[in-house]
Amino acid sequence: MKDKISKQHQYQHPIQKVWEAISQEEKISQWFIQANFKAEVGFEYTFIHEQTKIRGKVLKANPVFELVYTWIVSGTGVETTVSWVLEENTEGTLLTLEHSGLSQYPGETAVVMFENFDGGWTSCLNNLQTYLSTANHDQ
C-alpha cells in the first residue's frame with residue numbers, strides 16, 4: 001500500500017498569487033472547498049464538501065513557500081498530512097502537493113481512500129489552474 005500521493009504542477013503565475021489561493025479562506029472556498037481556514041500555525045480549520053467534513057490543524061505556515069496541515073475526514077478517526085510547497089522560477093511557480101499517511105486507513109479502505117484522494121488532488125490542481133487563469137480571481 002502506498003502511503004503518499006505526490007503531485008507537481010507548474011503555474012504561470014507569481015508565487016504570491018498561488019500562495020494567496022491556497023492560504024486565504026475566501027479564495028480556497030472559490031476554487032477548492034468551503035473553508036474556515038487561516039494559514040496560522042495551530043489554527044484548527046474545517047473544510048466542508050457536500051456531506052463530508054474535513055478538519056485539522058495547521059502545522060506549518062511559511063508564506064509564500066510552505067503550508068502544511070493535518071487532514072481528518074469526519075467519521076474516520078485517521079489523521080493524514082497535506083503539504084503544499086511553492087517554488088518561484090522563471091516560468092512562475094512550481095507547486096508540489098503531498099498527502100501522506102494514507103496507509104493508516106484500515107484494510108481496503110486505505111486503497112479506496114488513496115484512489116479517491118489521488119483523483120481528487122489531480123482535479124484540485126486543475127481547478128487551481130482555472131481559478132488562477134480567470135481575470136476576476138482577485139475580487
> Going by the conditions given, is Gln16 more than 12 Å from the chain's Cα centre (by Cα), exposed (fewer than 15 other Cβ atoms within 10 Å of the Cβ), outside any loop (DSSP other than H, G, I, E, B) and not charged (D, E, K, R)?
Replying inline: yes
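Let's see how each residue does on (1) of a type in the set (A, V, I, L, M, F, W, C); (2) surrounded by 14 or more Cβ atoms within 10 Å (Cβ to Cβ); (3) on the phi > 0 side of the Ramachandran plot; (4) touching a Pro at 6+ places or on another chain (Cβ under 7 Å):
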residue: Ser103; (1), (2), (3), (4): no, yes, no, no
residue: Val112; (1), (2), (3), (4): yes, no, no, no
residue: Asp118; (1), (2), (3), (4): no, yes, no, no
residue: Thr122; (1), (2), (3), (4): no, yes, no, no
residue: Leu125; (1), (2), (3), (4): yes, yes, no, no
residue: Leu132; (1), (2), (3), (4): yes, yes, no, no
>> Can you go through Lys27, Lys53 and tell me which one is more than 24 Å from Thr134 (Cβ to Cβ) and surrounded by 14 or more Cβ atoms within 10 Å (Cβ to Cβ)?
In response: Lys53
>> Filter the range 90-139 down to the residues that are touching a residue at least 40 places away in the same chain (Cβ under 8 Å), of a type outside the set (Ser, Thr, Tyr), more than 18 Å from His49 (Cβ to Cβ) and not in a helix (DSSP H, G or I) and list them by number.
In response: Glu91, Gly92, Leu94, Leu95, Glu98, Gly101, His137
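Quick note: the coordinates plus some simple rules give every number you see, no bench work behind them. Since the structure is predicted, the reported quantities are computational estimates derived from the model, not experimental observations. Counting neighbours? That spans all protein chains shown, and the Cβs are built from the backbone with ideal geometry, glycine included.
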